[in-house]
Number of protein chains: 2
Amino acid sequence: MATQPQPQQDPTELPPPPKYHSAIGLWRALFFGRPLATHRADEATLPKFLALPILSSNALSSNAYATEAILAILILKGTGALHFALPAALGICALLIIVSLSYIQIIYAYPHGGGAYPVSKDNLSVGASLVAGASLMVDYMLTVAVSVAAGVAAVITVYPSLHSHIVPLCVVSIIVLTLANVRGVRESGTIFAWPTYIFIFAIIATEVAAMIGLWTHASYIQPAATVGEQIHATNMGLQAVGWYLLLQAFSQGCAALTGLEAVSNTVPLFQKPQDKNAATTMVWMGVLAVLMFFGLTYVTDAMGIQPMSEAEPGYRSVVGMVADKAWPPALHWMFGVVQWTTAIVLLLAANTAFAGFPQLASMMARDGYLPRQLANFGDRLAFTNGIIILAVVATFLILVFHGRVDALLPMYAIGVFIGFTLAQSGMVIRWLKSRAKGWHTGIVINGLGAISTGVVSVIIGVSKFDNGDIISPYFHFGGFYPRYGTWIVMVLVPIFVATFYKIHKHYVDLKEDLSLSRGWAQMPSHNTVLLLVPRLHRGMMEALNYARLISQDIRAIHIETNPENTGQLKLDWEPNAPDVPLLIIESPFRSLVGPLLRYIEVVQTERRDDVVTVVVPELVAHRWWHRLLHNQAGPILRFALFNRKDVVIVNVRYFLER
Amino acid sequence: MATQPQPQQDPTELPPPPKYHSAIGLWRALFFGRPLATHRADEATLPKFLALPILSSNALSSNAYATEAILAILILKGTGALHFALPAALGICALLIIVSLSYIQIIYAYPHGGGAYPVSKDNLSVGASLVAGASLMVDYMLTVAVSVAAGVAAVITVYPSLHSHIVPLCVVSIIVLTLANVRGVRESGTIFAWPTYIFIFAIIATEVAAMIGLWTHASYIQPAATVGEQIHATNMGLQAVGWYLLLQAFSQGCAALTGLEAVSNTVPLFQKPQDKNAATTMVWMGVLAVLMFFGLTYVTDAMGIQPMSEAEPGYRSVVGMVADKAWPPALHWMFGVVQWTTAIVLLLAANTAFAGFPQLASMMARDGYLPRQLANFGDRLAFTNGIIILAVVATFLILVFHGRVDALLPMYAIGVFIGFTLAQSGMVIRWLKSRAKGWHTGIVINGLGAISTGVVSVIIGVSKFDNGDIISPYFHFGGFYPRYGTWIVMVLVPIFVATFYKIHKHYVDLKEDLSLSRGWAQMPSHNTVLLLVPRLHRGMMEALNYARLISQDIRAIHIETNPENTGQLKLDWEPNAPDVPLLIIESPFRSLVGPLLRYIEVVQTERRDDVVTVVVPELVAHRWWHRLLHNQAGPILRFALFNRKDVVIVNVRYFLER
């Protein structure tokens, strides 16, 4: 044997541009974009003016359904209960402000990205962080489904004839989002920044237009003329409506807060100084959220608009009805602007989850609570694996719940609020431990945040536990009323947490099993090489030569599936390979695998200091369609041997010339 | 190294019963039956009383549509042309007798199975045999589609409300047939023998009943009362109908002859004496075919029955209308018997193709004109591969032609007649060469067969070339009239033949390339082993030990996808494997494959007497779901290396304990 030559040329010096080594590589590149080098990772950072539309779209777009969700609960007691939307909205706005302020604390404390998972891991316990992670994962999945469904509902409002195509429209939207996302965050921002700004402007302008119309008693608004009764004349009292229904309405409206955590989760994606830019974005987001949500609820109430059921053809969303009536005829095209930007921004909201979910999954994977593959940056820094999982689950939700917002909402928001509570609690502990500058203010803000979101979590969990008394009149599967709600999340979260622990245990076991400190098996002193010989030809001679190179104990094995061929093989063998014994093994059932495995067992009992090497010779066809003309014995044998211990599989290939 | 020990125990002595080595094996067994040992192959032979129903069902079942096919052409000129069905039927009966007699000659001449393919291969030329093979293959596919479609049409006649479910019913039938067939020919025969006998009896009894009814002027038959005009009073003359239309009607009716070749193709499946038993079965088949077909056409004509279009809801088949009217009210249940046995026997007809097609494919594969895998007896001696191909193509035809008999018929029969012509011509040449006993009679019979089927082939080919002037009024795709007919077969057959030649060329090239007489490469004197090391652990040490066993030139390769891990690897490596150089290869795009392939290229240019072995270590998880927790670098690398010349892939697996 030769000495050990060191490679003369260092192939690492000049990394050439990536080549597509296969059709699959090219296909991946077309769909997923070209791979991005590690050292160019900082290119994928976001300036504020792009971060705002991308990251705030979830929180702001919930205006498309939050007011409607409140009204849909209240109307169960009759139109007279609708005016309780205002106090419910006020409570939600107060929460919005508290949570926004709390998250600004987190942004500064966790400049590397401080979602509920890392914050509770740092300050509370592993268990708490896993509960936070599981809750947020469930909510990310629901965010995609709810946002896409609401976006389609906004389009339906403009084109009622599309009502029967809700599910396909939702599924196509998810597919488009998935492809956009696996190609990277930056591009999505550039494409989608403008619609969000137009959406913010359009909603606020609609609120202003509605108020002007109402104050001037404009004929096109007619608050009371369109409904059967004078709403404010028959306003019901609190006692008639009931506290519990009001809490249910409030809980349903809390969907308006989902997505507030997006900024703090993605601080590392910001331009430098990352914390300051993120905090500014957070402030803007909070202000806009309050302005848009309260304004919409106020004008809806003032205009006497009643919610409709999405189950019925002819459905129009509450925002759509507001925009339809708020604008004078000359400006009525603003109705279209509102609806279309609403739809687009709801897609951007789904996009928020596409950015957040893979990042959360990657953090948890790096800690060993999710499969390692999720930890890897995929090509283009978009975490491809996580994105695809998210898209699949969201599609499943859309299919099960027929793409209906009112069907999906009962399970929504609870996960986010559990996350809120854990994150703020973690911050309280952090302030107590660190006593850093400004800890007094910080602990008050985060303490208020923790308590209020904690209380609201309980309210949501209880009041939306199942949809029995809320949603059934609005949603059914052909006469059957499934009872679901936050209980589904409460079942899923423990299952997720248990799975995280199981995954973690496997990785811990793995590390222990593989630890070098446990020593390792002796080097085998003998190598028995079994060469599989269907018939003797030039390719087989190369395989035989390789076998000779790696061992002196070679046995040629012929599994006799067709006894007619054995004679010719024996004739060919003797003159060409007299040094290697040829063993004919009968196979009365024409199986290749069974007799081989049995013979391997025989060999393995022969001696203990042995390793068994099976040489599987394979012909590689020159043209793709030639592969169809060869039997697939090679792959079948490699597959069958894969689970055999102490067997090394050697694959010697002979390349056909034509 | 040790000496070469001979195995102490001969594992071939007592072949144990087959075990199912995997879930897939068990699944295969459930669907496809237990494997059958080679020496039990003669179990799959057929006694005459089973051969008749299995093999004659195709020829006999065509009664379900042959008369109707003739009438459907004639009625294009009006009801006055319908009486020309009788002369057309007489011509077809004459052909039936000639072809049956010709095939009896073939049965004796080719006791090992004498279809058109082997007979023309023996006596004419390879080209002729490939044309015969291609024609028959096309026709087998059409046989399945036409028979299944006609079977469903028979059911529709009884239950008109199923008219909108024609396609699903056809597809389900094909699936059932496929599963029945891959489980073996014998069982199918036992299950289906009775319906065929009942069908033969029911059709002949219906003919008798109709004739009795007509002769006694029974009130329930009323030939003229049900139609608007006195048919026989307005009979058109030949001039008005036209020779060409009459030829078209005759051609369409020639579908009655398809399947006559089934017996001669499957002589080896018969009980001994095979030739005599097959010939007797052939005689019975011919007699029954003539009796049933002419009788049906005669009573249809006498009863004044007019064909209906299957495109219209309310469609009833001609046989169904005959049976409906022929029986007096007390015996009217015979209508149901006729329809149901017709449906079942049509499924048996499809079954004939399922027996014949894989056998033809296997013959052609053994001659190297089709992929070798088709030559192998699958488990249970049913030629699984061929059956599945046939089922897929037939399903495709059903979907494209909406499961309609009248849509499929224009392409049908031409293939069989080309086969007939080539087989009989081959026999003529054979008689001329052999001058064996009885060659005078033989050459007359086969010569008459060759000439008549040749002439009819031309008639069918021309008169059904496209459906422009025949079928359009009956068949369209929502306003669009596709023009198809025998031209499709005439295009497909040359394509098939060209493919056969291409496949054959590949096998010839292969044999030449692999021939030992061309010598083979020198044994390489040096083996450079590249060991892929993502990180160092116990499993890796075993892989390293194996590498040490097979070569002294080992290089450990670390593709650096994440530079963070490199430090730890270097620390681990030095104390544990000081004898092996560790090479760190940067991968700025985090690809494993690209840098490895480039390094292999570098190694391959280092020296010429070398083989490069890549050791791909892999962890094998203990539980199936643990596999999801490991990255799939092993399979990815093995896949990527598969197409690299002069690289041997060694797969060393480390089995995790838990």
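Among chain A residues, which Cβ is nearest the axis of the A-onto-B rotation, and at how many Å?
A:Ile550, 2
Please report the antiparallel percentage of DSSP beta bridges with both residues in chain B, rounded to the nearest 5.
On the way: 1 of 27 bridges.
So the antiparallel bridges in chain B amount to around 5 percent.
Would any residue of region A:611-647 have its amide N under 15 Å from a label point 7 Å out along Cα→Cβ of A:Ser525? List them or say none.
Only A:611 pass the distance filter.
How big is the Rg/Rh ratio for the protein assembly as shown, C-alpha atoms only, Rh by Kirkwood, two decimals? Please list the in-between numbers first.
On the way: Rg = 39.5 Å, Rh = 37.3 Å.
Across the protein assembly as shown, the Cα-based Rg/Rh ratio is 1.06.
Sort the following peptides by mean Cβ neighbour count (other Cβ atoms within 10 Å, averaged over residues), highest first: B:612-624, A:503-515. Intermediate values should be presented prior to the final figure.
Working: B:612-624: 19.2, A:503-515: 16.1.
By packing density, highest mean first, the sequence is B:612-624, A:503-515.
Note down the Stokes-Einstein diffusion coefficient of chain B in µm²/s, whole number, using a Kirkwood radius over alpha carbon pairs, 37 °C, and 0.692 mPa s. Please list the in-between numbers first.
Values: Rh = 28.9 Å.
It diffuses with D of about 113 µm²/s by this estimate.
Please give the net charge around B:Tyr315, taking every other residue with its beta carbon less than 14 angstrom from that of B:Tyr315, where Lys and Arg add +1 and Asp and Glu add -1. Walk me through the numbers on the way to the answer.
On the way: positive: B:Arg316, B:Arg404; negative: B:Glu68, B:Glu310, B:Glu312, B:Asp324, B:Asp406.
Every neighbour counted, the sum reads -3.
Counting partner chain Cβ atoms within 10 Å of every residue's Cβ in A:644-655, what's the average? Show your work: numbers first, answer last.
Working: counts 3, 4, 3, 3, 10, 8, 8, 10, 6, 9, 5, 5.
Taking all residues of A:644-655 together, the mean is 6.
What are the distances, in nm and sorted shortest first, from the label point of B:Thr605 to the label points of the same position in each other copy, with each label point placed 7 Å from Cα along the Cα-to-Cβ direction?
Ordered by increasing distance: 5.4 nm.
Given bins 10 angstrom wide, list per bin the percent of all Cα-Cα distances in region A:526-655, short to long.
12, 44, 37, 7, 0
Under 5 Å between amide H atoms, partner at least 5 residues away or on a different chain: which partners does B:Phe465 have, H built in plane at 1.01 Å?
B:Thr486
What's the ranking of A:446-453, A:206-213 by average number of surrounding C-beta atoms within 10 Å, highest first? List each step's numbers first, then the result.
Numbers: A:446-453: 21.5, A:206-213: 19.8.
Going by the mean number of other Cβ atoms within 10 Å, highest first, we get A:446-453, A:206-213.
Can you show me the helix-derived [θ] at 222 nm for chain A, built from DSSP H runs with n ≥ 4 at -39,500 (n - 2.57) apiece and divided by the number of residues, rounded to the nearest 500.
Working: 23 runs with 382 residues, N = 658.
Value at 222 nm, helices only, nearest 500: -19500 deg cm²/dmol.
Among the listed pairs B:Lys121/B:Lys511; B:Lys276/B:Lys433; A:Lys276/A:Lys437; A:Lys121/A:Lys502; A:Lys121/A:Lys433, which are separated by more than 20 Å between their Cα atoms?
Values: B:Lys121/B:Lys511 22 Å; B:Lys276/B:Lys433 24 Å; A:Lys276/A:Lys437 17 Å; A:Lys121/A:Lys502 18 Å; A:Lys121/A:Lys433 15 Å.
Check vs 20 Å cut-off fails for B:Lys121/B:Lys511; B:Lys276/B:Lys433.
Excluding B:Val416 itself, calculate the net charge of residues whose Cβ lies under 9 Å from the Cβ of B:Val416, where each Lys or Arg counts +1 and each Asp or Glu counts -1.
On the way: positive: none; negative: B:Asp139, B:Glu261.
Within the 9 Å Cβ shell, the charges total -2.
Can you work out the FRET efficiency for the pair A:His622 and A:Ile388, with r the C-beta to C-beta distance and R0 = 41 Å, to the nearest 0.05? Intermediate results must be reported in sequence, preceding the final value.
Details: r = 35 Å, r/R0 = 0.86.
So, using R0 = 41 Å, E works out to roughly 0.70.
In percent, what relative contact order does region B:50-505 have, based on Cα pairs under 8 Å that are 6 or more apart in sequence? Mind showing how you got there, number by number?
Details: 764 pairs, mean separation 150.8, N = 456.
Computed value for region B:50-505: 33 percent relative contact order.
Can you tell me the FRET efficiency between A:Thr216 and A:Ser164 if r is taken as the Cβ-Cβ distance and R0 is 25 Å, rounded to the nearest 0.05? Working shown, then result.
On the way: r = 40 Å, r/R0 = 1.59.
The formula returns an efficiency of 0.05 here.
Could you derive backbone 3J(HN,Hα) for region B:598-612 from the dihedral phi with the Karplus parameters 6.51, -1.76 and 1.60 (θ = phi - 60°), listing whole Hz in sequence and x where the residue is Gly or Pro?
5, 5, 4, 4, 4, 4, 5, 7, 5, 8, 9, 8, 10, 10, 9
Run the label-point distances for B:Arg535 please: 7 Å along Cα to Cβ, every other copy, nanometres, shortest first.
Listed shortest first, these distances are 5.0 nm.
For chain B, with only Lys/Arg (+1) and Asp/Glu (-1) charged at the beta-carbon, what is the dipole magnitude about the Cα centre, in debye rounded to 20? Write down the numbers at each step before the final one.
Values: 43 positive and 39 negative charges, 151 e Å.
Roughly 720 debye, rounded to the nearest 20.
Check A:Thr613: other-chain or 5+ apart residues with amide H under 5 Å from its amide H, H built from backbone geometry?
Under 5 Å from the amide H of A:Thr613 lie the amide H atoms of A:Thr528, A:Val529, A:Leu530, A:Val648, each far enough along the sequence or on another chain.
Report, for B:Asp509, each distance to the same residue's label point in the other copies, shortest first and in nm; define the point 7 Å along Cα→Cβ.
Output for B:Asp509: 5.1 nm, nearest copy listed first.
Taking the dipole about the Cα centre of the protein assembly as shown, with the C-beta of Lys and Arg at +1 and of Asp and Glu at -1, give me whichever of A:Pro534, A:Ala89, B:Ala210 is farthest to the positive side.
Of the candidates, A:Pro534 comes out farthest on the positive side.
When only Cα pairs under 8 Å and 6 or more residues apart are kept, what is the percent relative contact order across region B:70-175?
Numbers: 41 pairs, mean separation 12.8, N = 106.
Normalised by residue count, the contact order of region B:70-175 is 12 percent.
Using only Cα atoms and rounding to the nearest 10 degrees, what angle (0 to 90) does helix A:566-576 make with the longest principal axis of chain A?
70 degrees
Need one number: nm distance between label points at B:Trp243 and B:Ile495, each 7 Å from Cα along Cα→Cβ, rounded to one decimal.
Each label point lies 7 Å from its Cα, and together they span 3.5 nm.
With axes computed from alpha carbons, what is the tilt in degrees of helix B:486-514 against the longest principal axis of chain B, rounded to the nearest 10 within 0 to 90?
30 degrees
Compute the angle between helix A:48-61 and the longest alpha-carbon principal axis of chain A, please, reported from 0 to 90 degrees and rounded to the nearest 10.
That works out to roughly 70 degrees.
Once you place label points 7 Å from the Cα toward the Cβ at A:His440 and B:Gln271, how far apart are they in nm?
10.8 nm
How charged is the neighbourhood of A:Trp624? Take every other residue with its Cβ under 14 Å from the Cβ of A:Trp624, and add Lys/Arg as +1 and Asp/Glu as -1. Can you show the working numbers first?
Working: positive: A:Arg623, A:Arg627, A:Arg658, B:Lys502; negative: none.
So the environment of A:Trp624 carries a net charge of +4.
Using the basic label-point model (7 angstrom from Cα toward the beta carbon), what is the B:Asp609 to A:Glu657 distance in nanometres?
2.5 nm
Only the coordinates and a few stated rules stand behind these numbers; no lab work does. The structure displayed is predicted, hence computed values, not measured ones. Counting neighbours? That spans all protein chains shown, and the Cβs are built from the backbone with ideal geometry, glycine included.
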